[in-house]
Structure formats: structure tokens, C-alpha cells
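Q: Structure below; questions to follow.
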Amino acid sequence: MATVTAGIIQSSIGRKYLMALSGLFLCTFLIVHMLGNLALFKDDGGQAFNEYTYFMTHNPLIKIIAYVNYAFILLHIFYSLTLTIYNRKARPESYALVNQSKSATWSSRNMGILGSVILIFLIVHMRTFWFEMKFGTMPTIQYDGNDMVLKDMYSVVAEAFSQVWYVALYVVSMFAIAFHLYHGFQSGFQTLGINHHKYTPIIKNIGMILFAVIIPALFAAMPLYFLILNL
Amino acid sequence: MKLTLKVWRQKNAENKGEFKTYQMDHVSEDMSFLEMFDVLNDDLVRKGEDTVAFDHDCREGICGMCSMYINGRPHGPLKGTTTCQLHMRHFKDGETITVEPWRATAFPIIKDLMVDRSAFDRIIQAGGYISINTGNAVDANSTPIPKLDADKAFDAASCIGCGACVATCKNASAMLFVSAKVSQLALLPQGQPERHQRVKKMVEIMDAEGFGNCTNTGACEVECPKGISLENIARMNRDFLVANVVD
Amino acid sequence: MKLDAKIPEGPIAEKWTKYKATIPLVNPANKRHIEIIVVGSGLAGSSAAASLAEMGYKVKVFCFQDSPRRAHSIAAQGGINAAKNYSNDGDSVHRLFYDTIKGGDYRSREGNVHRLAEVSTSIIDQCVAQGVPFAREYGGLLDNRSFGGVQVSRTFYAKGQTGQQLLLGAYSALSRQIGRKQAEMYTRHEMLDVVIIDGKARGIIARNLTNGKIERYFGHAVVMATGGYGNVFFLSTNAMGCNVTAIWRAHKKGAFFGNPCFTQIHPTCIPVSGDHQSKLTLMSESLRNDGRIWVPKAKGDNRKPSEIPEDERDYYLERRYPAFGNLVPRDIASRAAKERCDAGYGVGTSKMAVYLDFSDAINRLGKDTIEARYGNLFEIYDKITGEDPYTNAMRIYPAVHYTMGGLWVDYNLMTTIPGLYATGECNFSDHGANRLGASALMQGLADGYFVLPITIGDFLSKEIGTKAIPTNHPAFEEAENAVTERIKKLMSIQGSEPVDYFHKKLGLTMWEYCGMGRNAEGLAKAKKIVQEIKKDFWSNVRIPGAPNETNPELEKALRVADFIELGELMIDDALNRNESCGGHFREEYQTPEGEALRDDNNYAYVAAWEYTGDNQPEVLHKEQLVFDNIKLVQRSYK
Ligand SMILES: Cc1cc2nc3c(=O)[nH]c(=O)nc-3n(C[C@H](O)[C@H](O)[C@H](O)COP(=O)(O)OP(=O)(O)OC[C@H]3O[C@@H](n4cnc5c(N)ncnc54)[C@H](O)[C@@H]3O)c2cc1C
Ligand code: HEM
Ligand code: SF4
Ligand code: FES
């Protein structure tokens, strides 16, 4: 086993497996995250959302998954850096004139930049919500039919999303995610060796429709929804 | 046709290079891109200047020796076409054409537009073969091979080793080239005994030669003059994983 | 010196088997100490180098390209012959033997050709085992097609890229040996001389094309596999770097040159488009399986080919040769095209072209089938001419393609210099005065995989006591100095014309007077012109740059200097041979119908030329050809 991992990690292809596995894991996480967050749209004073937040922060299974998730984000970032460094070294002197628009999509050529935007977003995002939830002093709330006192994440979210700059950052970042996944989702399958004349077009369509449009659009709709509510 | 050529000139591997501009006043539409360089070189000799060095041999698009990065694309603008097969009718009168060598750490410049692609040979030497000594073969028809597999193997085998895939890749990755050979042999029954060893060794040398990591931009497939498919890269990724897991 | 071809005794079908069984061997322990130089990495060179290394010899391989995989064999399109009889159409070793002798117009050696036919079947087995993806039928078995000059389907192919696939197979076998350190590869190295010590070939002098260094290499034996010299015509289907230098240098050191004037002009090439033309592109002979060749019946008919009705077309090959039709041998098809164009029926702007038309085949088989068979050739045509051959008939014209002549070798493939071997296109051995399609690949691989590795034992078994000779031996010194001097001399001329200027002039002269049609008067004239070109070249060529750096102009100059000398010998040879045979068509000697007229009583010999000194006439030696198994008749493809 040790040699297997060593053989994999020390090779360019192996590093790519880790990028792909972590990336695709993050993709599934995004789906779950997005579905949960839909509770924000429920007009119930935040009850559904806060209950969902409670569940997410207390269910042991979810907790484990969350840590795996963090680990994967770190892994993904670590390897994206390694990859970038290797690739810089592979062509130290660049061309005077590059005309790649005909041969590769814009997304595929800018994964690092897109990823970096996502990273900045993640930091801000984690600071406002995750950090507050864990370490900050949160307002609490109690709903009818539920005797627990819940941390009122809903109002924190509503508060954050009332600031224009914050909403703008969100929307821009969702574009970054859209483009990152437009290339990334199908690329992950290719990296794992899944390329089939019948199924690859389906994978590409899922990447495009679900990950590059629906998910980022819904994520972006949330802050916009609150911003508009607040107008 | 009148054309302006901006050509990378570099005396040798150690020297720094620069662009030089040449005015071409009588370019015929029927000339190939290299024939235009012949004309330029003829002029340069007569003027007492050093000619532009470039690699070429067959001029039929099959030996893989020609290698010019033309207007930001390897082998120029025409799909499925090597530099030697590119004809001037695909350029516009009065156009400025920028010509550079392939650029990659693994392909050091020798002179002007000539680069050293021996890294490709070393990758093949690491495992791009079937170990069969002369005289040991069984009758050619004793192993039927489904036509579809044979055709796919042929498609992969039609790589000419030109290096355009590396040249165009923003990461200077050699995955298309390497996977073409890995795939060809992986698709044939004859290639099975060494399948796992082969992919491991070839990838190891590919990495050691200083090629970059593939990020699946797909530019290689688009620019490859022989239309080598990305499927080959996926197949190699798969084989590499299996090879590392099973032995 | 008397030429001894060393053909083994006995019935033709048993010669090779018996000989193989009796040839002296070198034991494995001794092989380790024996070094062999192989110059050339084409089919002949790579296959020989790989096989010799597998046997345990230490091998050094040289090529002038940046990789062994780029040798010109890569460009062969159509296919490779083998007497497998997979098509069940009555093929056999004997038939392949017979077809090759007949196709070569009875100017090749029976013994060598029979051996070639015998080993042909093993070649296919070997290549398939290496992973060469030949075309297959739906049942999974190998597919065959037919080629000019024969009535069976014995040609194995991989689309229009057979040479590429075979070479990559041989290259992979060689690469394996390089990986094992059993062979050492020297790319971007050009051999400029052979080193002879005590009458035996013991090494070479090569120029490192990257830094211009002149280097010395020792070998107990030296194998030449440097390909053909068609580029003496400047325009040919050969790659730009194909040259005669290696074998010419050997010739000047004592290796006889066999039949230098035997040149093959291929009937189906893309016509010349202008002065800038640097090479010609072949459209594979396989196209003649489905394409029909014709010209308009009326002179100067300028309509588009598709607008010329059926009854106004002259399918002249089908008319003249009903039995073989469009599949007559190359020399005949080429001359017939020239005849029509000279008579004023040519088409296209230059009027030096005929049509190769696929419309019938497309109607009969559908465009898809034609595309599957010839797609890549059609694409090449489209790229070069800007015309779509699916809708317009192709325009084609003959072009220089192959040289049957080369270093004279005996049955062992050894030249007249002991220890110096020649394999593949650079020897003269198997194709007589005309090579059949798909037979060069067969010969190159036969020589390299199955013949040389065995026959070289005859010489090397006597060399097991010879220690490696250090390269500071005076013979190396002397050879290197001569090369350095020659380069210095060339560089110092600094005249006014680039190398290509002379090469083009030489090429035009050779094409005009020593090409498809030759006559005594023209040849005499050509000789003078070539001598003038030589003088002019040595006083007026201009080579930029320095000798001790990458210098493509210097490389060309060294090659052209040798081509000029070769040109003269070709003319002498053509003048000497007062008959027409195969590709050598002396206009004075033809039948009333315009077919080649051989003179078997006086010219059934191999002309082997001996170099005797600068500006001295070469001396002709004759190897009489003996035909015990085949009756000499007038070739007929009617
Ligand atoms: C366009 C084309 C299509 C053809 N199609 C067919 C076909 O379908 N079927 C068929 O049977 N035949 C075909 N032929 C003929 C056949 O390809 C050649 O005869 C054959 O491949 C020659 O192989 P070779 O190994 O002898 O030489 P080559 O493949 O030419 O190799 C020569 C080698 O020698 C090296 N070399 C040369 N000079 C020097 C030097 N001075 N120093 C160092 N190295 C040197 C070169 O680098 C190269 O490695 C075709 C030929 C052409 C041109
Ligand atoms: C929501 C978070 C993210 C998701 C879902 C995600 C998903 C993916 C996926 C699926 C891939 C394709 C893997 C492959 O082709 O093998 C990928 C690649 C990549 N990601 Fe991310 N990623 C995320 C965050 C980031 C971050 C934060 C960075 C940078 C700091 C980043 C940088 C990269 C880079 C450089 C690549 C390589 C490009 C490539 O392989 O094509 N990603 N990502
Ligand atoms: S894969 Fe295509 S681009 Fe790359 S070396 Fe082969 S032929 Fe050239
Ligand atoms: S010169 Fe051979 S492929 Fe271009």
C-alpha cells in the first residue's frame, strides 16, 4: 500500500488523481450544501434554515464529512499549487504570441486564477459564517414546536447579505465557481480515466448545466434575495 | 503575396535569442510554409547573412521533424496539418507572421527554430515497445484482433512525435504523445504482458524529463496534426492507476 | 579484382536454408566484445541494429535526423509484400520470387531474390508481434491488397501509412535495445567517411550536426543502411535529407557501385507547381487499385474532367495493357504518362499531368469506402493542391522515387570492402532494373531482421580475436583530416550562389537527360553539363556561418558535392548500358510498340563501378547474371 501511494503521489498523474478526487468530492459537497441552503428561501423566519444548521453542526456523520471536506479543500489547494509550480518550470520562457482561444476553453486555461478567487471567497465565507458559528457570539432563537435554543445563523446570513459589497463578492465568486466547474467537473472524470464516447458527453452536460449554471445560480440567488428583501 | 516575417533567431542553446523581421515580397500561394523559408534562406545567403535553421525532412507531414510555432499556434492555423504541409494560400496578403520555436524545458533550443526533442525518444526507450526478439514471432494470423481494436490502435499509433502537443499545452505536458504509445500497445493483445510495467516506466521518465502536468485543457488534441484523441490520455490515466494498484 | 557474389550452391529453394545451417557463428561470450556500427535508422538500419543488439553485439547507430523514428522509411505509404497467401489466390514464395525477377526486368540475382521471398513471411509475423497495427478484416485477420505488376493480393498495409507503422515497430525494437544499453544511438550525426584499416572497414568519421564536431567511431564491422539517392534529381519523393554521401564516401574508399543509373520513376505523384518546389509528393500506387488513369482524347481539351464525357476519354493504360490495366508496373505506367503528355494530351495548367479518377470507384463503392481506403492520401492531395479529389479527378505526373542502384553487395550483403555491409535501399541487390511496389519495405526489413544478422557472422566469426582499435589509430587520424580539409575548402569558397542553386541545376540536368528517357547524345551532353556544374560549385558556392556550429547549409553542400560526382557516374552507367530495361529506358532501344527492348546477350550483367581516383574514369566490372530458374522473356503486361 505504501508503495502504491508513493508511486501515485510522486507522479504527475498521481497528483492529478488527488486533484480530481478532491475536486469531485467538493462537487458532491456543493450539491448537498446548496440543497440545504435552499431552506433560506423558506419564509418561516429562518426556522428551517437554523434547524438545518443545527443538524449540520451536530450530526457526528456530517461532522466527519465536514472534516474530510476541509482536508480535501486543503489537499486540493496544496496540489493546485504544486501543479502550478511544476508547470511553470516546464515552460520558463513563454511565447511572444499565444493564440490558444481556438484550442482550449477559457476556463481550462484559467483554473488557477478561478481557484484563487474561490479561495478568497472561501476565506471570507468561512470567516463570516463558520468562524462565527464556532467561536463567535451568536444570537440565539427558539421556535415553536422545538424546545431547543438554536444559534440564529439565519439572522447572521441576512445581516451579511444586506451589505452590497458582500453580495457582490458572492456573485462574482459564483461566476468563478461556475467557470471552475465548467472545466473542472468533466476534467475530473478524464483524469480518473473515464472517457467514453457515449458517456462523456453526458458528463460534460452535467458539468455545464448543473455545476456551471444551476448550482452557482442558486447560490448567487441567496444573497441577491436577501439584498432585495432589504431594499 | 507580400508578407512580413517575425522570426526567432538564437545562435545556440547558450545565447539569448531575439526576433528579427524579414520582408518577403514574392510569396506564391502554392508554396508551402517551409518553401517560403527556403526562399528566405536563399536571400539570406546571397546577402551574406546566416540562414534560419529549422528542422524538416520528409515535407509530407509524416516524419514529424518540422516544428514551427506560427502566429501563436504549433504548425500554424490549419487543423490537422504540419508546418511542412501548410500552404501559403492560408495566409493573407500583407500579413505579419510570427514564427517561434517550440518552447519547453524538455525541448531545449538548439538554434533558431530547431529544438531538441530527444526526450521523446527516451520515453519510448523506457517502455514504448513490446519485448519480442527477432525470429520469435508466431504466425501473424494466429491471434485475431477485432477490427475495431486494431483501428483504434492504428489511430493512436499514427502519432508522428512532432511535439506540437507539448508546444501548445500551457503546461508543456507530454501526455498526448505518451498516451498515444501506451494506448496503441494497451489496445493490442500483444501488448498485454508488459502493460502495467510499460505505463509506469514511461510515466516515470516523462516526469523526469521535465514535462508539465496535464490539466486537461484539450489544446493538444485540437492542435495535434494527426488528431490523436484525448481518449488515449484517459486510457493511460486508467492504466496507470490499475498498474500502481495491482503491481 | 574478380567479383564473387558468393551465391551458395544447390537448388534455388534450398540455398538459403542450407547456407544458414552452415554459416559460422559467433558465440555469445564473444559477441559481447564485438562492436558494430550501423549507419542509418530506417527500416533496414533499425531492424538490423535491433536484431544485432538482441543477439548480444554492441551496436552504435547513426542518423542525421533528430530521432531514429524520422528516417525516410516513415514516408512509405502503400504497403509491404509477403508471400503469405492469406488471400488464397495462389500466391507462393516461388510466385513472389518470379514476380520480383520479372518486375525487375531480369536484372537481379536469382539467389538474393528467392531468399527475399522466403523470409518475407517472417517479416509480417515479426511486425505483428511488435504491435504494428496492420489493416484487418472484420473477422480479425489481416487484410491484403494488390499492387502494380502482380496478379495476387499479397500486400499488407496500415492505411496509407505502412512505412510509418513498420518503422515505428523497428524503432521500438531499437529503442528497447537502447534502453538496455545494448545499442547506443547517435542522432543528428552525419557520416562523412569510412575508416579502413588493413583493408577492412573499422569505423566511421561523423560530423555532430549540433556543434559541428568531427568525431571518430570504431566498429569491428560497419553496416550502411543509408537509403536511396533519388535526391540527385533535386526534385523527388525522397525526404530533403536523403543523400548519397555515406555510400559515395564508401565507394571512394573502394566499395563498388552497382547499376547507378537504375532509377525508378513513380507514375503517380502530385505535379510540380512552380520554381519554389522543394520536393514532390507521392500518391501511393495503391490508388491505382481503384483509380482510373486517363487523358482527354482531344488535344488541349480544357474542360473540367467531370465535364468530359466517357467516350471522349482515353484510358490509355487499360487500352494498351488490357491484362494489367491500371496496375502495370511503375516504369511502364510512368513512360505511358510521359508519352501522352509529350504527344500533347497532358492536362492542367502545365500540361504535364494526367488524370487519376475515382468517380467510378466512388459510384461503385461509395465515398465512405474510398475514404476508409485512401482518406489520408486524398487529404494530402487536397492540402497541397487546394483541390478536393473526391469531386475532381486528381492530376498526377511521374516523379523520381527510388534508386535500384546502390553499393554492390554479395550474398552476404557485404560490399567489396571486407567488413562493410550495405542493406536496404542503399544496396543494389534485389530489384534489378525496376522495383515492384511494396517490395522496398520488404527488402529493408528482410535485410535487417533476417539476413544481415546471420550473414554478418561469416565475417565476424573471424574477428573474435580482434581487439577494439583505439580511435587514435593513424587511419582514423587520416580520415578525419581529409573530412576537415574538405569542409574547410567548402567554407573558404564564399562565392555568390547558395547550395540549392547548384542542386537544382544538377537535378534539372539529370531529369532531362538521365531520367525517364535517355539517349546517347543527351547523356553525352549531360556529362559535360555536370562537369561544368562541378567546377562552378567548387568555385562559386557560398556557405554562411561557421563549420563548428549547427549549419544546415554546410550539410547540404557536403551532400550536393557528392551528388554531383554521383551524377556523372550515373550518366556513364546509362551510356554504357546499350539496352532498355525496367526504369532504364534508352530511346534507341525500344520495340515498335514503344516498350523497353532488352539485350540479354550483352547486358544481362550487373554493372559494378570501381572508383580509381579523382577525375579518373571509373572502371567497370561485370557480374554476369545467371538465370537457372526463370526463363528470360520479353516482359508483357498486355
Ligand atoms: C514517398 C515514398 C513512398 C514509398 N512507399 C513505399 C511502399 O509503399 N512500399 C515499399 O515497399 N516501399 C516504398 N517506398 C520505398 C521505401 O520506403 C524505401 O526504399 C525504404 O524505406 C528505404 O529504407 P532504408 O532503411 O533503406 O532507408 P531510409 O529509411 O531512407 O533510412 C536512411 C537512414 O540513413 C540515415 N542516413 C542517411 N545518410 C546518412 C549519413 N550520411 N550519415 C548518417 N546517417 C545517414 C538516415 O538518417 C536514415 O536514418 C517509398 C518511398 C518513398 C520515398
Ligand atoms: C468549491 C470548491 C472547489 C471545487 C468544487 C473544485 C473542483 C475542482 C475540480 C472538479 C477540478 C478538476 C480536477 C481534475 O481535472 O483532475 C479542479 C481542478 C482545479 N482546481 Fe478546484 N475546486 C474548488 C476549489 C478550488 C480552489 C480553492 C482552488 C485554488 C486555490 C482550486 C484550484 C484548482 C486548480 C488549479 C485545478 C487544476 C486544473 C485542472 O486540473 O484542470 N480549486 N477543481
Ligand atoms: S500526439 Fe500529436 S502533437 Fe503530440 S507528438 Fe504525436 S502527432 Fe505530434
Ligand atoms: S517535414 Fe516531415 S512532417 Fe513536416
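Q: Criterion first (more than 16 Å from ligand 3 (Cβ to nearest atom), open to solvent by less than 60 Å² (accessible area, probe 1.4 Å) and either without any contact (Cβ under 8 Å) to a residue 40 or more places away in the chain or under 16 Å from A:PHE179 (Cβ atoms) (or both)) does A:LEU114 satisfy it?
A: Yes; evaluated as a whole, the condition is true for this residue.
Q: Residues of segment B:38-58 being open to solvent by 10 Å² or more (accessible area, probe 1.4 Å), in contact with an Asp or Glu (Cβ under 9 Å, 6 or more places away or on another chain) and part of a loop (DSSP other than H, G, I, E, B), which ones?
A: Those that are open to solvent by 10 Å² or more (accessible area, probe 1.4 Å), in contact with an Asp or Glu (Cβ under 9 Å, 6 or more places away or on another chain) and part of a loop (DSSP other than H, G, I, E, B): B:GLU49, B:ASP50, B:PHE54.
Q: Which residue pairs have Cβ atoms under 7 Å apart, sit 6 or more places apart or on different chains, and have a first residue in segment A:77-106 that is more than 7 Å from chain B (Cβ to nearest Cβ) and a second that is of a type in the set (Lys, Arg) and part of a helix (DSSP H, G or I)?
A: A:TYR79/A:ARG15; A:THR82/A:ARG15
Q: From (1) of a type in the set (Ser, Thr, Tyr); (2) under 22 Å from C:SER73 (Cα atoms); (3) assigned to a loop (DSSP other than H, G, I, E, B), pick out the condition that doesn't hold for C:SER175.
A: (3)
Q: I'd like to check something: does segment B:199-218 contain any residue that is in contact with a Gly (Cβ under 9 Å, 6 or more places away or on another chain), within 16 Å of ligand 4 (Cβ to nearest atom) and either assigned to a helix (DSSP H, G or I) or in contact (Cβ under 8 Å) with a residue 60 or more places away in the chain (or both)?
A: no
Q: OK, next. Go through segment B:107-128 and report how many residues are in a loop (DSSP other than H, G, I, E, B), open to solvent by 10 Å² or more (accessible area, probe 1.4 Å) and more than 9 Å from chain C (Cβ to nearest Cβ).
A: Qualifying residue count for the region: 1.
Q: Something else now. Scan segment C:331-345 for residues that are out of contact with any helix residue (DSSP H, G or I) (no Cβ under 7 Å at 6 or more places or on another chain) and either at pLDDT 95 or above or surrounded by 15 or more Cβ atoms within 10 Å (Cβ to Cβ) (or both) and jot them down.
A: C:ASP331, C:ILE332, C:SER334, C:ARG335, C:ALA337, C:LYS338, C:GLU339, C:CYS341, C:TYR345
Q: In addition: Which condition number does B:SER179 fail, the rest of (1) part of a loop (DSSP other than H, G, I, E, B); (2) among the hydroxyl-bearing types (Ser, Thr, Tyr); (3) within 30 Å of C:LEU141 (Cβ to Cβ) being met?
A: That leaves (1) as the condition not met.
Q: Considering each of B:GLN23, B:GLN10 in turn, give the residue that is away from ligand 3 (no atom under 16 Å from the Cβ) and closer than 24 Å to C:LEU554 by Cα.
A: Going through B:GLN23, B:GLN10 in turn, just one is away from ligand 3 (no atom under 16 Å from the Cβ) and closer than 24 Å to C:LEU554 by Cα: B:GLN10.
Q: In segment A:131-200, which helices (runs of 4 or more DSSP H) lie fully inside it and hold 3 or more residues that are of a type outside the set (Phe, Trp, Tyr) and open to solvent by 30 Å² or more (accessible area, probe 1.4 Å)?
A: Filter on segment A:131-200 gives A:164-191.
Q: Just give me the residues in segment B:66-102 being within 15 Å of ligand 3 (Cβ to nearest atom), part of a loop (DSSP other than H, G, I, E, B) and open to solvent by 10 Å² or more (accessible area, probe 1.4 Å), in sequence order.
A: Correct list: B:LEU78, B:LYS79, B:GLY80.
Q: How many of the residues in segment C:34-64 are surrounded by fewer than 24 Cβ atoms within 10 Å (Cβ to Cβ) and either in contact with a Gly (Cβ under 7 Å, 6 or more places away or on another chain) or assigned to a loop (DSSP other than H, G, I, E, B) (or both)?
A: Counting residues in segment C:34-64 that are surrounded by fewer than 24 Cβ atoms within 10 Å (Cβ to Cβ) and either in contact with a Gly (Cβ under 7 Å, 6 or more places away or on another chain) or assigned to a loop (DSSP other than H, G, I, E, B) (or both) gives 4.
Q: Hey, another quick one. Where residues in segment C:577-608 are under 30 Å from C:GLY10 (Cα atoms) and open to solvent by less than 20 Å² (accessible area, probe 1.4 Å), which of them is modelled with the lowest pLDDT?
A: Per the stated criteria, the residue is C:GLY582.
Q: Looking for something touching a residue at least 60 places away in the same chain (Cβ under 8 Å) and of a type outside the set (D, E, K, R) - is there at least one such residue anywhere in segment B:26-40?
A: Checking segment B:26-40: at least one residue is touching a residue at least 60 places away in the same chain (Cβ under 8 Å) and of a type outside the set (D, E, K, R).
Q: Sticking with this structure for a sec: What is the one condition in (1) within 16 Å of ligand 2 (Cβ to nearest atom); (2) open to solvent by less than 10 Å² (accessible area, probe 1.4 Å); (3) among the β-branched types (Val, Ile, Thr) that B:ILE228 does not satisfy?
A: (1)
Q: Which members of segment B:76-101 meet the condition of being touching an Asp or Glu at 6+ places or on another chain (Cβ under 8 Å), within 16 Å of ligand 4 (Cβ to nearest atom) and under 17 Å from B:VAL39 (Cα atoms)?
A: B:CYS84, B:GLN85, B:HIS87, B:MET88
Q: Within the bounds of segment A:42-59, is there any residue that is surrounded by fewer than 18 Cβ atoms within 10 Å (Cβ to Cβ), on the phi > 0 side of the Ramachandran plot and either among the small types (Gly, Ala, Ser) or modelled with pLDDT of 95 or more (or both)?
A: Within segment A:42-59, one or more residues are surrounded by fewer than 18 Cβ atoms within 10 Å (Cβ to Cβ), on the phi > 0 side of the Ramachandran plot and either among the small types (Gly, Ala, Ser) or modelled with pLDDT of 95 or more (or both).
Q: Could you please let me know if C:GLU565 is in a loop (DSSP other than H, G, I, E, B), surrounded by fewer than 22 Cβ atoms within 10 Å (Cβ to Cβ) and either at negative phi or within 14 Å of chain B (Cβ to nearest Cβ) (or both)?
A: In short, no.
Q: Moving on. Being part of a helix (DSSP H, G or I) and open to solvent by 50 Å² or more (accessible area, probe 1.4 Å): is that true of A:PHE78 here? Steps first, please.
A: Values: part of a helix (DSSP H, G or I): yes; open to solvent by 50 Å² or more (accessible area, probe 1.4 Å): yes.
Judged against the criteria, A:PHE78 is a match.
Q: Also, I was wondering about something else. Quick check on this structure: which one of C:ILE487, C:ILE456, C:ILE464, C:ILE493 is over 21 Å from C:ILE124 (Cβ atoms) and touching a helix residue (DSSP H, G or I) at 6+ places or on another chain (Cβ under 6 Å)?
A: Of C:ILE487, C:ILE456, C:ILE464, C:ILE493, the one residue that is over 21 Å from C:ILE124 (Cβ atoms) and touching a helix residue (DSSP H, G or I) at 6+ places or on another chain (Cβ under 6 Å) is C:ILE464.
This table checks each residue for (1) modelled with pLDDT under 95; (2) among the aliphatic types (A, V, I, L, M).
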{"residue": "B:LYS11", "(1), (2)": "no, no"}
{"residue": "B:LYS16", "(1), (2)": "yes, no"}
{"residue": "B:ASP25", "(1), (2)": "no, no"}
{"residue": "B:ASP50", "(1), (2)": "no, no"}
{"residue": "B:MET65", "(1), (2)": "no, yes"}
{"residue": "B:ALA106", "(1), (2)": "no, yes"}
{"residue": "B:ASP112", "(1), (2)": "no, no"}
{"residue": "B:ARG117", "(1), (2)": "no, no"}
{"residue": "B:ARG122", "(1), (2)": "no, no"}
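Q: Now for a separate question. Of everything in segment A:110-130 that's within 14 Å of chain B (Cβ to nearest Cβ), part of a helix (DSSP H, G or I) and touching a helix residue (DSSP H, G or I) at 6+ places or on another chain (Cβ under 8 Å), which residue is nearest to A:THR53 (Cα to Cα)?
A: Selected residue: A:GLY115.
Q: Just the residues that are among the β-branched types (Val, Ile, Thr) and either within 14 Å of B:GLY135 (Cα to Cα) or without any contact (Cβ under 8 Å) to a residue 40 or more places away in the chain (or both), please, taken from segment C:86-130. Explain how you work it out, then say what you get.
A: Of the residues in segment C:86-130, the ones among the β-branched types (Val, Ile, Thr) are C:93, C:100-101, C:113, C:119, C:121, C:123-124, C:128.
The answer is C:VAL119, C:THR121, C:ILE123, C:ILE124, C:VAL128.
Q: Here's another thing I want to ask about it. Go through (1) open to solvent by less than 40 Å² (accessible area, probe 1.4 Å); (2) assigned to a helix (DSSP H, G or I) and name the single condition C:ASP301 misses.
A: (2)
Q: Being of a type outside the set (S, T, N, Q), open to solvent by 10 Å² or more (accessible area, probe 1.4 Å) and under 23 Å from C:LEU575 (Cα atoms) is true for just one of C:LYS252, C:LYS213. Which residue is that?
A: After ruling out the rest, the residue left standing is C:LYS252.
Q: Within segment B:129-139, can one find any residue that is more than 16 Å from ligand 4 (Cβ to nearest atom), over 23 Å from B:VAL245 (Cα atoms), part of a loop (DSSP other than H, G, I, E, B) and in contact with a Ser or Thr (Cβ under 6 Å, 6 or more places away or on another chain)?
A: Checked segment B:129-139: at least one residue is more than 16 Å from ligand 4 (Cβ to nearest atom), over 23 Å from B:VAL245 (Cα atoms), part of a loop (DSSP other than H, G, I, E, B) and in contact with a Ser or Thr (Cβ under 6 Å, 6 or more places away or on another chain).
The values are calculated or read from the model by the stated rules, or taken from the named source; none is laboratory data. The structure displayed is predicted, hence computed values, not measured ones. Here Cβ is always computed from backbone atoms with ideal geometry, including for glycine, and neighbour counts include all displayed protein chains. Note: areas computed on protein heavy atoms with side chains; ligands, DNA, RNA excluded. Shrake-Rupley method; radii C 1.70, N 1.55, O 1.52, S 1.80 Å.
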